[in-house]
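Remarks on the structure that follows.
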Amino acid sequence: MADDHFAERADELAELIAYHNRRYFELDDPEISDAEYDELVRELAKLEREHPEVVSGESPLRQVGGAPVGLFTEVRHRTPMMSLDKTASYEELLAWGKRMERYISGEVAFNCELKIDGLAMSLLYEGGRLVTAATRGNGEVGEDVTQNVATIDAVPGQLGPRAPESLEVRGEIYMTVRAFEELNRRQTETGGRTFINPRNAAAGSLRQKDPEVTASRELSFTAYQLGEVIGGPAFKYHHETIEWLKDLGFPVSPYEQTLGSLEEVDQYCQKWLERRHSIDFEIDGVVVKVDDLAQRRELGATSHAPRWAIAYKFPPEEKTTLLKEIMVSIGRTGKATPFAVLEPVIVGGARVGLATLHNEDQVRAKDVRPGDTVVVRRAGDVIPEVRGPVLPLRPKDLPLWSFPTTCPICGAPLQRLEGEADTYCINVDCPGQQVQRISHFASRGAMDIEGLGERTVYLFCKEGLLADVADIYSLDFERVQGYEGFGALSVANLAGAINASKSRPLANLLVGLSIRHLGSNGSQVLARAMGHMDRIIAAPEAEMAAIEGIGPVIAASISRFFSLPRNRQVVERLREAGLNFQGPGAPALEQTLAGMSVVVTGTLERWSREDAEAAIKSRGGKAPGSVSQKTTAVVVGSDPGGAKLARATELGVPQIDEGTFERLLETGSLS
Ligand code: IVH
């Protein structure tokens, strides 16, 4: 009974492994990640070890890879291209060391090489000329891709005079991350298919009928292993063979290291696990090899792998999972970003349930649809990303996804401007935007108000306590204290944090205002160059555009922001609340109007009302909306307000024109 169960599972695993071998080796289109594949192999290996009675003669564990698929002619390898046994821990490395002790004794030195995630290649040179380039295929027989490989710059076509009579070199063809991204960009632009990862892109580029296509793709090559050599020098160590290959003109890895113990090997693996993103190509582990070639001969090989080498595999950064739904989120500037709702998976060491899809064009280029099985990637601390669909697993007639035309939060129309990739909710009162804007204002990189995270902001907005960022400074704490989770202490803390935020640097305040295109760097540059919020408000667009680090796009956006009355009102309320408007660097404007109060009425020629009032305030003066006994002067433009003029006349307040106003700003004097 139990045996039946094990035999059934073994059959099932064998079938799965064979299927995925075919996808990987023959179709260059794997459906599952290497780690998921390895899991299947491990499970079958364990079953076979613990229940030898279930082992079938055709177990995939005794075959290597798949069979060639027919687009290219077959090549029988002179010596088989074997695969490598795998480990994923120090313990397993030590176990490998122990196993080797049965065959060799004495000191062992190890070569550590990065395991490049590309395609294994066998290159055959006769009389110094490249005559055959073959893929691994099933390990015995591969595909002849000589024509295509000959177009790759990194692969020498002709070796120098020191070339041996006959030479077989093994190495990896791969694509750098930069070349991969560039290729995908090009493919998106020309409507071609995009690739899921650099390995797929390298495989797809190599397995072309037309060598011209291969030539147009930027492929790299690294040699890592000497095959059969006739008429070459004798070597004692692997590292010597690599030196020699380098001298012959082959690219070899600069990261290779020969180490004296498995402890050091483990350190090398850990180091590269941490640094895997510091290099411009993808690696999925480290290949550890015995350096002494005589020891290698003693060790020999099993049916599928040499005993003298092992692959230390890194945890995968890609997994496949179900894309349940595509939704759209609204950001603080109104940007509508599509994102994938996934069946959660652990990838790159973290649970991923959501992943960004960036924008409409990206969704189209990747052609991902709700219901697809997709490849999800999470590399380092990079935001999880959906790489693309696994097309063979797509259910029949799965409908295309289309971008919504209205905001999912407020229902206002979504708009995509000509020539822009992003789509926006055009309603500035959209509650979705409000929550995002306010929580951004309170966030670490901006005003850093502890206790005012997105959830709290959402609650306060829903309760009508907050509608814009200025409301933070007149928050009704009595009402807050009535909400669940807000005790006297946390309310006091929140009040303290809000108060403390008033003295943050001007750059932080600028960041907090959510001015499109103006980030942290731009804000700092601007605060330093202008020295005060009022100068920024009053500055002509061209002046800001001329500041290094700002430029025309950001300057236009800043001008647009401050030209909107509602933004100006918010800024004025922030001023009244006592927020710091003073920047570092450039000295503040001379406070010529300190203690004065200047009223503006009517239309001036060179100043908008707002700019004139900002100029008064930036020089220390007050700019109230009505005339009183305290008013120093009334600036009178065309079509002035009758009431203001009458009151000024009544109180004997000086009435001045635009020119006098400008002199007043400069000198603080009316004469
Ligand atoms: S040596 C018998 N060295 O890993 C040893 N392989 O299963 C043959 N790989 O697909 C392999 N980097 O393409 C070796 N420095 C390296 C490697 C490397 C990547 C790949 C190889 C093959 C797989 C081994």
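The values are calculated or read from the model by the stated rules, or taken from the named source; none is laboratory data. Remember, it's a predicted structure, so these values are computed and weren't measured experimentally. Glycine also receives a Cβ, built like all others from the backbone with ideal geometry; neighbour counts cover every protein chain displayed.
Within region 237-251, which residues are surrounded by 18 or more Cβ atoms within 10 Å (Cβ to Cβ) and within 15 Å of the ligand (Cβ to nearest atom)?
Those that are surrounded by 18 or more Cβ atoms within 10 Å (Cβ to Cβ) and within 15 Å of the ligand (Cβ to nearest atom): His238, Thr241, Ile242, Leu245, Phe250.
Across region 291-310, what is the number of residues that are within 11 Å of the ligand (Cβ to nearest atom), surrounded by 19 or more Cβ atoms within 10 Å (Cβ to Cβ) and in a strand (DSSP E or B)?
2
If a residue counts only when it is touching an Asp or Glu at 6+ places or on another chain (Cβ under 8 Å), which helices (runs of 4 or more DSSP H) contained entirely in region 552-669 have at least 1 such residues?
565-576, 609-618, 658-667
Going by what's in this entry, would Val141 be described as at pLDDT below 95 and hydrophobic (A, V, I, L, M, F, W, C)?
Against the criterion (at pLDDT below 95 and hydrophobic (A, V, I, L, M, F, W, C)), Val141 qualifies.
For residues that are hydrophobic (A, V, I, L, M, F, W, C) and assigned to a loop (DSSP other than H, G, I, E, B), scanning just region 279-290, find the one that is surrounded by the fewest Cβ atoms within 10 Å (Cβ to Cβ).
The qualifying residue surrounded by the fewest Cβ atoms within 10 Å (Cβ to Cβ) is Ile279.
Which of the residues that make up region 168-194 are buried (at least 19 other Cβ atoms within 10 Å of the Cβ) and hydroxyl-bearing (Ser, Thr, Tyr)?
Answer for region 168-194, where residues must be buried (at least 19 other Cβ atoms within 10 Å of the Cβ) and hydroxyl-bearing (Ser, Thr, Tyr): Tyr174, Thr194.
The conditions are (1) part of a helix (DSSP H, G or I); (2) exposed (fewer than 14 other Cβ atoms within 10 Å of the Cβ); (3) modelled with pLDDT under 95, and Leu61 fails exactly one of them. Which is it?
The number of the failed condition is (2).
Would you confirm, using the coordinates I've provided, whether Ala202 is modelled with pLDDT of 90 or more, within 16 Å of the ligand (Cβ to nearest atom), in a helix (DSSP H, G or I) and buried (at least 20 other Cβ atoms within 10 Å of the Cβ)?
Yes.
Looking only at residues that are over 30 Å from Ala88 (Cβ atoms), among the β-branched types (Val, Ile, Thr) and part of a strand (DSSP E or B) in region 311-335, which one is nearest to the ligand (Cβ to nearest atom)?
Across region 311-335, the extreme among qualifying residues is Ile326.
Taking the criterion of being over 16 Å from Glu610 (Cβ atoms) and in a loop (DSSP other than H, G, I, E, B), would at least one residue in region 526-538 satisfy it?
So far as region 526-538 goes, yes, one or more of its residues are over 16 Å from Glu610 (Cβ atoms) and in a loop (DSSP other than H, G, I, E, B).
Quick check on my filter: what residues within region 81-102 are within 16 Å of the ligand (Cβ to nearest atom) and hydroxyl-bearing (Ser, Thr, Tyr)?
Ser83, Thr87
Does Arg276 qualify as being surrounded by fewer than 21 Cβ atoms within 10 Å (Cβ to Cβ), more than 30 Å from Glu140 (Cβ to Cβ) and within 16 Å of the ligand (Cβ to nearest atom)?
So Arg276 fits the description; yes.
For residues in region 131-147 being farther than 16 Å from Arg207 by Cβ and assigned to a loop (DSSP other than H, G, I, E, B), which is nearest to the ligand (Cβ to nearest atom)?
Only one residue fits best here, namely Gly139.
Give region 206-225 a look and list any residue that's away from the ligand (no atom under 16 Å from the Cβ) and either farther than 27 Å from Ile279 by Cβ or part of a helix (DSSP H, G or I) (or both), or say none.
Lys209, Asp210, Pro211, Glu212, Val213, Thr214, Ala215, Ser216
If I ask for residues that are charged (D, E, K, R), part of a strand (DSSP E or B) and surrounded by 13 or more Cβ atoms within 10 Å (Cβ to Cβ), which ones from region 71-118 would you list?
Correct list: Glu74, Asp85, Lys86, Glu113, Lys115.
For Ser261, indicate whether it is surrounded by fewer than 19 Cβ atoms within 10 Å (Cβ to Cβ), closer than 22 Å to Gly106 by Cα and small (Gly, Ala, Ser).
Judged against the criteria, Ser261 is a match.
What are the residues in region 148-171 that are assigned to a strand (DSSP E or B) and over 41 Å from the mean Cα position of the chain (by Cα), if any?
Ser166, Leu167
Scan region 452-470 and give yes if some residue there is within 29 Å of the chain's Cα centre (by Cα), touching a residue at least 40 places away in the same chain (Cβ under 8 Å) and part of a loop (DSSP other than H, G, I, E, B), otherwise no.
yes
Taking the options Glu228, Glu165, name whichever one is loosely packed, with under 15 Cβ neighbours inside 10 Å and within 16 Å of the ligand (Cβ to nearest atom).
None of the others qualify; the one that does is Glu228.
Looking for whichever is touching a helix residue (DSSP H, G or I) at 6+ places or on another chain (Cβ under 6 Å) and among the charged types (D, E, K, R) here; the options are Arg455, Arg516. Which one fits?
Arg516
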